[in-house]
Amino acid sequence: MSEKHLAVVVLAAGEGTRMRSATPKVMHEIAGLPMLGHALATASALGAQYVIPVIRHEKEKLEPYIHAFYPTVHISHQDEVPGTGRAVECALNVLPDGFAGAVVVTSGDVPLLDVQTIESMLDVHLTSGAGATLLTAVFSDPSGYGRIVRADNGAFSSIVEHRDATEEELEITEVNAGVYVFDYLELKKALANIGTHNAAGEKYLTDAAVEILKSGKEVQALQVSDNWLVAGVNNRVQLQQVSAELNRRICEAWMLAGVTITDPQTTFIDITATLDEDVTLLPGTHLKGITKIGRGSTIGPEVTMTDTQVGENVSIIKSHIVGAVIDDEATVGPFSYLRAGTHLGAGGKIGTFVETKNAVIGAGSKIPHLSYVGDATIGVESNIGAGTIFANYDGIDKHHTVIGSHVRSGSHNVFVAPVSIGDGAYTAAGTVVRKDVAPGDLGMNVAPQRNLADWVLNKRATTKAAEAAKKAKN
């Protein structure tokens with residue numbers, strides 16, 4: 001089918017009250033994307049000329065996301081008439097008068113539906129010349145779903161919603177999966193003929209299939225082979241179940257692609273993350289957003305990484321990283337916090353209890369432990385001593401510190417920005433650096449140490465420290 005003869009409608013107008021959330025149901029995330037994002041990505045991948053999300057409730061929260069990430073789609077707004085049939089009817093108003101072809105209908109709360117399943121439906125639909133083709137599933141507990149009623153020869157007869165079903169119909173385990181392909185002209189005529197005469201007072205899309213059947217056109221009902229593909233999300237329990245299943249599939253796919261995941265049950269990978277061969281993920285690893293891991297790197301245990309680019313043969317242990325770039329052969333952690341704007345050069349090290357932010361750290365440079373590095377540039381092969389603080393904030397503005405190459409800073413330094421340390425310079429332990437240090441110089445605060453004789457014996461005479469001092473003096 002030519003893409004100009006295909007439209008995809010994504011239903012996202014429901015209230016989603018069972019989620020009990022200020023966030024619209026379809027905006028709850030699974031594997032790094034809102035459920036609506038998954039549905040629109042699948043719809044867009046079909047190559048249809050028209051992708052039409054239908055929205056109504058909390059549309060002001062949905063529209064900005066749709067415009068930002070799917071700017072070519074055509075948004076339709078459902079009016080006050082309730083029901084999926086009316087939602088699709090509103091979507092058809094977006095199509096031009098000359099449109100003729102197939103209309104796929106999916107839902108924004110069915111995030112695992114894939115392109116291959118829809119394409120298979122389209123193939124059957126077009127080959128058979130059916131007026132409508134719908135997807136079904138067999139559930140052991142079909143409560144709440146519309147039942148598929150078939151004739152004695154197995155052909156589709158009707159769909160009966162749960163609340164309208166008879167006792168006999170409630171025993172049916174084959175249910176409507178809520179995914180359809182319609183002939184556009186047949187659908188338009190059918191929707192014009194159906195009303196809201198049912199227990200819910202809604203205009204059901206399912207009634208359109210029956211109308212098409214009455215008109216003499218064939219309706220195909222295809223049973224899905226994998227029920228997860230049509231699993232809907234109506235509450236947070238189902239959200240977790242679908243999310244866990246998608247994560248299982250993501251982990252399995254990466255393992256088959258050459259990634260070692262030692263504990264998939266505690267490893268979570270967003271659908272937007274990418275990994276090269278021979279990456280190893282240890283337990284408790286979370287890869288979120290646009291994160292990329294290079295060949296041979298080992299991540300974990302207990303690493304959370306968001307929107308971060310990692311080179312080859314990198315080691316990251318027990319750390320939290322957001323918006324960073326980490327080059328080849330570098331090491332991070334344990335207990336490091338890399339904030340946005342951190343760039344660690346090849347072979348560099350950010351070690352134990354180190355926090356960085358807007359820091360460019362040159363190749364081979366090391367910040368081993370107990371330091372804060374904010375708004376800084378560090379050259380190559382420099383070493384920042386333990387307990388060093390880059391004091392970047394004066395209470396009003398942030399300021400930058402520049403550390404040259406092959407610099408050695410002493411332990412417990414404070415760099416009061418803006419300040420510059422030249423190549424090859426040293427700073428002494430305990431120094432508060434307020435002035436620039438020229439290349440090759442030693443920066444230090446000259447303050448002679450004073451020892452007050454017998455201070456403990458005089459001021460803490462009854463303590464164990466005084467007792468120990470007396471024994472040592474005797």
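Answer with yes or no whether D141 is over 21 Å from L46 (Cβ atoms), among the acidic types (D, E) and in the same structural domain as A12 (by TED's automatic domain parsing). When the stated conditions are applied, D141 passes them. Inspection of region 460-472 identifies at least one residue that is exposed (fewer than 15 other Cβ atoms within 10 Å of the Cβ), among the aliphatic types (A, V, I, L, M), farther than 22 Å from G345 by Cα and in contact with a helix residue (DSSP H, G or I) (Cβ under 6 Å, 6 or more places away or on another chain). As for region 412-420, it holds no residue that is under 19 Å from G348 (Cα atoms) and either modelled with pLDDT of 95 or more or surrounded by fewer than 22 Cβ atoms within 10 Å (Cβ to Cβ) (or both). Which members of region 21-38 meet the condition of being more than 15 Å from the chain's Cα centre (by Cα) and crowded, with 22+ Cβ neighbours inside 10 Å? Of everything in region 21-38, those that are more than 15 Å from the chain's Cα centre (by Cα) and crowded, with 22+ Cβ neighbours inside 10 Å turn out to be P24, K25. Filtered by the rule that a residue be part of a strand (DSSP E or B), touching a residue at least 24 places away in the same chain (Cβ under 8 Å) and either outside the structural domain of S336 (by TED's automatic domain parsing) or hydrophobic (A, V, I, L, M, F, W, C) (or both), region 360-382 gives A376, I378.
Scanning for something part of a strand (DSSP E or B), under 30 Å from N392 (Cβ atoms) and either in contact (Cβ under 8 Å) with a residue 60 or more places away in the chain or of a type in the set (S, T, N, Q) (or both), does region 271-284 turn up at least one residue? Scanning region 271-284, I find no residue that is part of a strand (DSSP E or B), under 30 Å from N392 (Cβ atoms) and either in contact (Cβ under 8 Å) with a residue 60 or more places away in the chain or of a type in the set (S, T, N, Q) (or both), so the answer is no. Can R18 be described as in contact (Cβ under 8 Å) with a residue 60 or more places away in the chain, surrounded by fewer than 22 Cβ atoms within 10 Å (Cβ to Cβ) and outside any loop (DSSP other than H, G, I, E, B)? Yes: the conditions hold for R18. In region 39-54, is there at least one residue being crowded, with 19+ Cβ neighbours inside 10 Å, at pLDDT 95 or above, closer than 18 Å to N235 by Cα and touching a helix residue (DSSP H, G or I) at 6+ places or on another chain (Cβ under 9 Å)? Yes: region 39-54 contains one or more residues that are crowded, with 19+ Cβ neighbours inside 10 Å, at pLDDT 95 or above, closer than 18 Å to N235 by Cα and touching a helix residue (DSSP H, G or I) at 6+ places or on another chain (Cβ under 9 Å). Residue-level check: of (1) out of contact with any Leu (no Cβ under 8 Å at 6 or more places or on another chain); (2) in contact (Cβ under 8 Å) with a residue 60 or more places away in the chain; (3) in a loop (DSSP other than H, G, I, E, B), H57 misses just (2).
Could you say whether any residue in region 340-357 is closer than 17 Å to G387 by Cβ, among the charged types (D, E, K, R), in the same structural domain as M305 (by TED's automatic domain parsing) and touching a Phe, Trp or Tyr at 6+ places or on another chain (Cβ under 9 Å)?
There is at least one residue in region 340-357 that is closer than 17 Å to G387 by Cβ, among the charged types (D, E, K, R), in the same structural domain as M305 (by TED's automatic domain parsing) and touching a Phe, Trp or Tyr at 6+ places or on another chain (Cβ under 9 Å).
A quick yes/no check of all residues on (1) buried (at least 19 other Cβ atoms within 10 Å of the Cβ); (2) under 18 Å from K217 (Cβ atoms); (3) under 33 Å from the mean Cα position of the chain (by Cα); (4) not aliphatic (A, V, I, L, M):
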| residue | (1), (2), (3), (4) |
| --- | --- |
| G144 | no, no, yes, yes |
| R150 | no, yes, no, yes |
| S158 | no, yes, no, yes |
| E161 | yes, no, no, yes |
| D164 | no, no, no, yes |
| I172 | no, no, no, no |
| A177 | yes, no, yes, no |
| E186 | yes, yes, no, yes |
| T196 | no, no, no, yes |
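Here V10 clears all of (1) buried (at least 24 other Cβ atoms within 10 Å of the Cβ); (2) among the β-branched types (V, I, T); (3) over 17 Å from F182 (Cβ atoms) except the condition numbered (3). Contact map, region 206-220: first residue in contact (Cβ under 8 Å) with a residue 60 or more places away in the chain and within 15 Å of G178 (Cβ to Cβ), second residue basic (K, R) and surrounded by fewer than 20 Cβ atoms within 10 Å (Cβ to Cβ), Cβ cut-off under 8 Å, separation 6 or more or different chains; the map is empty.
I'd like to check something: does region 195-205 contain any residue that is out of contact with any strand residue (DSSP E or B) (no Cβ under 7 Å at 6 or more places or on another chain), hydrophobic (A, V, I, L, M, F, W, C), outside the structural domain of V124 (by TED's automatic domain parsing) and without any contact (Cβ under 8 Å) to a residue 60 or more places away in the chain? No.
Restricting attention to region 68-86, the residues that are modelled with pLDDT of 95 or more and either among the charged types (D, E, K, R) or assigned to a helix (DSSP H, G or I) (or both) add up to 2.
From A31, A13, A22, grab the single residue that is at pLDDT 95 or above and of a type in the set (G, A, S).
Result: A31 is the single residue among A31, A13, A22 that is at pLDDT 95 or above and of a type in the set (G, A, S).
The values are calculated or read from the model by the stated rules, or taken from the named source; none is laboratory data. Computed from a prediction, not measured in an experiment: that's the story for all the values here. Neighbour counts run over all protein chains shown; Cβ positions are idealised from the backbone, glycine included.
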